[in-house]
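The structure appears below as C-alpha cells.
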Amino acid sequence: MKVYGLQMVSWGAIPVKVILINEIKILDESEVKRKLEELKSQIEQCKKCPLHKERTNIVFGRGDEHAQVMFIGEAPGAEEDKTGEPFVGRAGKILELFLKQNDITGYYISNIVKCRPPKNRVPYGNEVKACLTYLNKQIEIINPKFIVILGNTALKYMLNRWNISLWNGKVERKGERFYFMLLHPASAVHDPRNYPNLKEGFATLAKLLKEKKVIIMRS
Ligand code: URA
Ligand code: SF4
C-alpha cells in the first residue's frame with residue numbers, strides 16, 4: 001500500500017488550487033496480492049446480477065497491483081469475455097496506443113462491471129449496483145492516488161456526473177484520491193472527431209502523472 005503526502009500551494013488571487021503530491025512510503029505488497037486474489041475468486045462465483053448467465057469469464061482487472069494510477073472503463077466486451085482480461089479488444093488497442101504515445105506505464109485497469117452485458121449494451125443500474133462493491137473493494141486494496149475515468153458509465157457511477165465530453169481532461173479531488181476524466185477510447189471509433197480530444201486528454205494526464213501536480217479550478 002502507498003501513502004502520500006499532500007502539499008498545498010496558493011497562487012494568491014488566481015482562482016486555482018495547486019496540489020503537489022509526494023509519495024512517502026510503501027507498505028506490504030504481498031498483502032495486496034493476496035487480497036486481490038481472494039476478491040477475484042469471490043467474483044468468479046458471483047451470481048448477484050443477471051449478467052452472470054452469459055459470461056464466459058469474469059474480467060477482474062490487470063496491471064500493476066501497486067500502481068499509483070488506475071483506469072476504470074465500462075464493461076467487458078466480446079474479446080474481454082473470451083480472455084478474462086480488460087481492454088484487449090478494439091477499445092484496448094486505442095487505449096494502448098495513447099498510453100504508449102504518452103509513455104504512461106505502471107497502471108492498473110478494470111471496469112465498472114465484471115461480466116459482459118449482452119451485445120455490449122451499457123450495463124443497467126441494477127447490475128452496476130450489484131457489482132460496484134467489488135470495484136470499490138479493488139480500489140481500496142490497490143489504493144491508487146489517481147483514478148482515470150474512461151467514459152460516461154464510469155463518470156456516472158464514480159462521480160455521479162453526466163456527459164464526459166464536458167469533463168474530458170479535467171481532474172477532481174474526492175477524499176483521498178484524484179479523479180481524472182477522459183473520453184472512452186472507443187469513442188474515437190464511433191466518432192473520429194473525438195480523436196483530438198482524446199489525444200489532448202491523454203497528454204494532460206501524462207503531464208499530471210509526471211509532474212505530480214494537480215491543478216483544480218475552484219468553482
Ligand atoms: N473493454 C473493456 O474492458 N472495457 C470497456 O469499457 C471497453 C472495452
Ligand atoms: Fe456478479 Fe458483477 Fe458479474 Fe453481476 S456483473 S454477476 S454483480 S460479478
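Computed from the coordinates by the stated procedures, all read-outs in this text should not be read as laboratory data. Owing to the predicted nature of the structure, the values given are computational and were not obtained by experimental measurement. So basically every Cβ, Gly included, is an ideal-geometry build from the backbone, and we count neighbours across all protein chains shown.
Considering only the other residues whose Cβ falls under 11 Å of the Cβ of ASP81, what net charge follows from Lys and Arg at +1 and Asp and Glu at -1?
Surrounding charge for ASP81 is 0.
Classify the stretch 89-174 as rounded, prolate or oblate, taking a ≥ b ≥ c as the square roots of the eigenvalues of its Cα gyration tensor: rounded when a/c is under 1.5, otherwise prolate if a/b is larger than b/c and oblate if not.
The shape class here is rounded.
Using the 2.2 N^0.38 Å rule of thumb for compact globular proteins, work out how the stretch 2-217 stacks up: its C-alpha Rg over that value, please.
Details: Rg = 17.1 Å, N = 216, 2.2 N^0.38 = 17.0 Å.
Ratio of Rg to 2.2 N^0.38 Å for the stretch 2-217: 1.01.
Connecting C-alpha atoms closer than 10 Å in a GNM of the chain, tell me which of SER41, SER187, SER110 has the biggest fluctuation.
Checking each option, the largest mean-square fluctuation is seen for SER41.
Report the local net charge at LYS207: Lys and Arg +1, Asp and Glu -1, summed over other residues whose C-beta lies under 15 Å from its C-beta.
On the way: positive: LYS170, LYS199, LYS210, LYS212, LYS213; negative: ASP103, GLU200, GLU211.
Once all neighbours under 15 Å are counted, the net charge is +2.
Which of LEU95, LEU182, GLN138 sits farthest toward the positive end of the charge dipole of the chain, with +1 on the Cβ of Lys and Arg and -1 on the Cβ of Asp and Glu?
Among LEU95, LEU182, GLN138, the one farthest towards the positive end of the dipole of the chain is LEU182.
What is the magnitude of the charge dipole of the chain about its Cα centre, with +1 placed on the Cβ of each Lys and Arg, -1 on the Cβ of each Asp and Glu, and no other charges, expressed in debye to the nearest 20?
Here the size comes out at about 560 debye.
Taking the square root of 5 times each eigenvalue of the Cα gyration tensor, what semi-axes in Å does the equivalent ellipsoid of the stretch 108-219 have, largest first?
22, 19, 12
Kindly provide the helix-only [θ] at 222 nm of the chain, computed as the sum of -39,500 (n - 2.57) over DSSP H runs of four or more divided by all residues, to the nearest 500 deg cm²/dmol?
-12000 deg cm²/dmol
Could you pull the Rg and Dmax for the stretch 29-141, using just the Cα atoms, both in Å?
13.7, 39
Quick one: which residues, 5 or more positions from ARG173 or on another chain, have an amide H under 5 Å from its amide H? H modelled 1.01 Å from N in the peptide plane, none for Pro or chain starts.
TYR179
Lysines near LYS93 by alpha-carbon distance under 18 Å, same-chain residues fewer than 8 away left out - which ones?
Partners found: LYS82, LYS199.
Using a 10 angstrom Cβ neighbour count of at most 11 plus a DSSP loop assignment to flag exposed trypsin sites (Lys or Arg not before Pro), which longest range of the chain is free of such sites?
The longest such stretch corresponds to 48-120.
Counting only complete DSSP H runs, which helices of the chain cover 20 Å or more along their long axis at the Cα atoms and score a mean Kyte-Doolittle of 0.0 or above? Intermediate results must be reported in sequence, preceding the final value.
Values: long enough: 29-44 (23 Å, -1.41); 125-142 (25 Å, 0.11); 194-211 (26 Å, -0.45).
Passing helices, by number: 125-142.
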